[in-house]
Amino acid sequence: MINNKLPINYKLFHFDEIESTMLTLKEMAFQGVEVGTIVCAKKQKQGRGRHGREWISPLGNLYFSYLRKAENKNSNSVFAPVFIVSIALAKAINLISKNKIIPMLKWPNDVLVNNSKLAGILIESFVDKDNRNLLNIGVGVNVSSHPSNTIYPATNLKNEGLEITSNELLICFFNCLNMVEDILVNKGLNEIFKIWQEYSYKIGTKMSVKIGNKKITGSYNGIDEKGSLILNINNKNIKILTGEIFVL
């Protein structure tokens, strides 16, 4: 059953149009808003993806950022948030589509449907004026439209047969997020990685990884205890901290 109310540990601020939800949320954080604050916009003028790429943000899709406490820098859980958010988004899409849409999680921060990009996640860490270690977590989901001429093929939920409002997905996501955060607290990071792997590529999938101007090719062999990608090249496992995946 889908809970149609936002969990009480979050507070939502909704805007018609802003420069970007991440920029607005960071400004609000420096004004003292609490962890759990959400900034959502119908349109963004300067939405951003990874590597400074523009995130095209027309009406009809979901754009939001929320404020989370950062994990202890000396803990492996410092790498947990992107996996937690990815899982929660996948579970929300499963739930709201009644399992008709099966998302795939692409390392490190994309959600795919039918090998096309549906959503992206961007996380920035910062310290505010009160010395709080915080995460600004931005999420963009193609609900009713998607861009063309992109590096990766893209899709949207309407195109995949699911017609919902952005607000319905937002509320479902944060209810799922609470459940996944509870898993981290009660069962630990290894359980988070185990669940993430269930949504991701099969072990042995051939892929190339672009790291800067360099591209290496091998077989996917999971992720390690810190969330790094493991690529098997000529029977030797290579750990990759950052890069862009292309499945072959």
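Observations on the model:
- When Rg and the Kirkwood Rh are both derived from Cα coordinates, the Rg/Rh ratio for the chain amounts to 0.95.
- Placing R0 at 41 angstrom, the Cβ-Cβ distance between ASN232 and ASN178 gives a FRET efficiency of 0.70 after rounding to 0.05.
- When you count the other C-beta atoms within 10 angstrom of each residue and take the mean per peptide, 112-124, 177-189 line up highest first as 112-124, 177-189.
- Taking 7 Å steps out from each Cα toward its Cβ at ILE164 and GLU198 produces label points 1.8 nm apart.
- In a fully extended conformation the segment linking LYS43 and MET28 would gain 3.6 nm over its present Cα-Cα distance, using 0.36 nm per residue.
- Karplus-derived HN-Hα couplings along region 97-107 (A = 6.51, B = -1.76, C = 1.60, θ = phi - 60°), whole Hz, x at Gly and Pro: 9, 6, 6, 7, 10, 10, x, 10, 9, 9, 4
- Overall dimensions of region 206-247 by Cα: Rg and Dmax, Å: 9.4, 27
- Positive-pole candidate from LEU241, LEU229, MET207, dipole of region 206-247, charges at beta carbon: MET207
- Per residue, the convex hull spanned by the alpha carbons of region 138-248 comes to 141 Å³.
- Measuring nothing but how far apart in sequence close Cα pairs (under 8 Å, 6+ apart) lie, relative to its length, the chain scores a relative contact order of 17 percent.
- The amide H of THR205, built 1.01 Å from its N in the peptide plane, has TYR220 as neighbours under 5 Å, considering only residues 5 or more places off or on other chains.
- Potential lengthening of the chain between SER125 and SER208 amounts to 27.1 nm, from the contour at 0.36 nm per residue minus the alpha-carbon distance.
- Percentage, to the nearest whole number, of Cα pairs in region 12-153 over 28 Å apart: 17 percent
- Cross-link table LYS73/LYS187; LYS11/LYS43; LYS69/LYS187; LYS69/LYS194; LYS43/LYS202; LYS26/LYS187, entries beyond 26 Å C-alpha to C-alpha: LYS43/LYS202; LYS26/LYS187
- Secondary structure note: in the chain, about 85% of the DSSP beta bridges are antiparallel.
- Amide H to amide H, with H built 1.01 Å from N, ILE238 comes under 5 Å of LEU231, ASN232, ILE233, counting only residues 5 or more places away or on other chains.
- Taking 0.36 nm per residue of separation and subtracting the current Cα-Cα distance, fully stretching the chain between GLU225 and LEU59 would add 55.9 nm.
- For the chain, calculated [θ]222 nm from helices alone, where every DSSP H run of n ≥ 4 adds -39500 (n - 2.57): -8000 deg cm²/dmol
- Within the chain: Cβ-based charge dipole about Cα centre, in debye rounded to nearest 20 (Lys, Arg +1; Asp, Glu -1): 660 debye
- Under 20 Å from the PHE13 label point (7 Å along Cα→beta-carbon), backbone N, region 157-189: 167, 170-171, 174
The numbers here are math on the coordinates, done by the rules we state, and not lab data. Nothing here was measured: the structure is a model prediction, and the numbers come from that model. Note that each Cβ is placed from the backbone with ideal geometry, even for glycine, and that neighbours are counted across all protein chains shown.
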